[in-house]
Amino acid sequence: FEHPRPAIIICPGGGFEFLSPREADPVAVAFQRFGFATFILRYSIREHAEFPHPAVDVLHAIRWVRAHADELGVDPAQVAVMGFSAGGHVAALAGTQYANPAVLAAERAEVDAALLEHSPRPDAIVPAYALFNFDWIDDAPADAVDTIADVHPAMPPAFVWTTGEDVVVPPSQSLRFVNALAERGV
């Protein structure tokens, strides 16, 4: 391809119970219209959603897109991850956990060694009305990851958005994540 395109990996929401169709194909088509190569990640849900599985899934997807960049017409230096609600948590995991030794060890156990040659760090993350931590949920999973606490200066840039009308995930989740990013210069 003469002009490789940026890529975006889309992580639909669904509370880790299902993957929302309205946050998958329609989003992918919209980004395709703007020249992106789009991919929909069907990350681990239900009983398979415990950490580190969704993090492994998204890092594997980033590596896979980079490994196949030439044949897909993708610029391997422009791979973003966008997610909605629970999928926004997966996008935040991509930005905060790409160098976590426990996640990388779990990933090594699951992926083809050739993929490990490619960086799992996304070039940008776009969490939309995302779940960033579980400290506001009474019956939070014991292995829940606090991506707000895990924000670090080497993270990729982030575009975070939410709405005041969200009745599922408090908008304060996004505000707290944005504040953590600002405090660390991201």
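The values are calculated or read from the model by the stated rules, or taken from the named source; none is laboratory data. Quick caveat: nothing in here was measured; it's all calculated off a predicted structure. Positions of Cβ are backbone-derived with ideal geometry, glycine not excepted, and every protein chain shown enters the neighbour counts. The protein model used for the area step is the full one, side chains on, heavy atoms only, and it has no ligands, DNA or RNA in it. Shrake-Rupley method; radii C 1.70, N 1.55, O 1.52, S 1.80 Å.
Structure data summary
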quantity: Tabulated pairs, the range 150-161, first at pLDDT 95 or above, second acidic (D, E), C-beta under 6 angstrom, 6+ apart or interchain; calculated: P156/D123
quantity: Among residues of the range 138-168, those that are assigned to a loop (DSSP other than H, G, I, E, B) and farther than 19 Å from P54 by Cα, counted; calculated: 15
quantity: Conditions (1) open to solvent by 40 Å² or more (accessible area, probe 1.4 Å); (2) closer than 22 Å to V168 by Cβ: number failed by F36; calculated: (2)
quantity: The range 54-88: number of residues that are open to solvent by 10 Å² or more (accessible area, probe 1.4 Å), assigned to a helix (DSSP H, G or I) and either in contact with a strand residue (DSSP E or B) (Cβ under 7 Å, 6 or more places away or on another chain) or at pLDDT below 95 (or both); calculated: 3
quantity: Unique match (being within 18 Å of P12 (Cα to Cα), of a type in the set (G, A, S) and either open to solvent by 50 Å² or more (accessible area, probe 1.4 Å) or part of a helix (DSSP H, G or I) (or both)) among S119, S174; calculated: S174
